[in-house]
1. If the requirement is being exposed (fewer than 13 other Cβ atoms within 10 Å of the Cβ) and not polar (S, T, N, Q), which of these qualifies: Ile84, Ile65, Ile55, Ile74?
2. Have a look at Thr124, Thr88, Thr93 and point out the one that is touching a strand residue (DSSP E or B) at 6+ places or on another chain (Cβ under 7 Å), among the polar types (S, T, N, Q) and closer than 16 Å to Gly196 by Cβ.
3. Quick one: is Ile188 in contact (Cβ under 8 Å) with a residue 40 or more places away in the chain, within 26 Å of Ser68 (Cβ to Cβ) and not charged (D, E, K, R)?
4. Determine the pairs where a residue that is on the phi > 0 side of the Ramachandran plot and in a strand (DSSP E or B), located within segment 41-53, has a partner that is surrounded by fewer than 16 Cβ atoms within 10 Å (Cβ to Cβ) and not acidic (Asp, Glu) with Cβ atoms under 6 Å apart, the partner being 6 or more residues away or on another chain.
5. Answer yes if at least one residue in segment 49-60 is closer than 22 Å to Phe112 by Cα, of a type outside the set (Lys, Arg) and out of contact with any Gly (no Cβ under 6 Å at 6 or more places or on another chain), and no otherwise.
6. If you go through segment 192-235, how many residues are assigned to a strand (DSSP E or B), on the phi < 0 side of the Ramachandran plot and either surrounded by 13 or more Cβ atoms within 10 Å (Cβ to Cβ) or among the hydrophobic types (A, V, I, L, M, F, W, C) (or both)?
7. Which one is farthest from Leu41 (Cα to Cα) among residues in segment 156-185 that are surrounded by fewer than 15 Cβ atoms within 10 Å (Cβ to Cβ) and either of a type in the set (S, T, N, Q) or without any contact (Cβ under 8 Å) to a residue 24 or more places away in the chain (or both)?
Amino acid sequence: MKTFTHIKLSALSCILFGMAAILSCDTSSTEPVDAYAYFPLEVGRYVIYNVREEIYSSGQANPVIKTSQEKDEIEEVSTNADGIATYTLSRSTRNSSSDYWQKVKEFTVQKFPDKILTSIDNQTFFSLVFPVDENITWNGNTYNNLEPREYHYENINASGTIGAQNFDKVLTVVERKDTSIINKYVGIKQYGLGIGLISDDQINYEFCQSEECIGSGKIESGTRKTRQIIEHGDN
């Protein structure tokens, strides 16, 4: 299995990576797929998500459930002397579709020939690597001070369903999938071709460890947060 940590490309390797990404083939057809289209970056693009958060606390029979909506929109782009584009996005939230949007933060996305970097909440994450290949793994925390986290692709160019919406081609990024008798940590993102992020599922559970319930899978504490696309477009 190939592992990417910190990637610096020569002019030749940039060309090779670009060609490989553009010619990534659908697992179910010979139609070429532009892998960069899984994270389209154009000013004015937006995506709206339904957000659900479950919060489990020790001693509470049921989790506290919070629901809301989030909107990510690309507001501007700048390019440095090396030709690397940095896109600034805004994130707005509201409790329901009948409420007004309130902007809560900005974050940036940088597009390189071989990767996509997302900087949010003072941390930079190595979101995608190119070319897209199920045999590649990379450290999603290469550009921050967090513990190394091995990312990999699954189900490249497969069809998928999020809520009531069907997508012809989906790219799945497994950021974490650790499960034991005492805890469960999962992070999985899905990207739709020509759309961007369509689903984000983050699980952090601590299971009951007392003698009478260890191994039962009973959640003692933790959270699960999901973001699922409901709308996308251009302004």
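1. Ile65
2. On inspection, the qualifying residue turns out to be Thr88.
3. no
4. Listed pairs, sorted by first residue: none to list.
5. Checking segment 49-60: not a single residue is closer than 22 Å to Phe112 by Cα, of a type outside the set (Lys, Arg) and out of contact with any Gly (no Cβ under 6 Å at 6 or more places or on another chain).
6. Looking only at that region, the number is 25.
7. Among them, the one singled out is Ser180.
Bear in mind these aren't lab numbers, they're just calculated from the coordinates by the rules spelled out. The shown structure was predicted, so the numbers you read here are calculated from the model rather than taken from an experiment. FYI the Cβ positions are ideal-geometry reconstructions off the backbone, even for glycines, and counts take in every protein chain you see.
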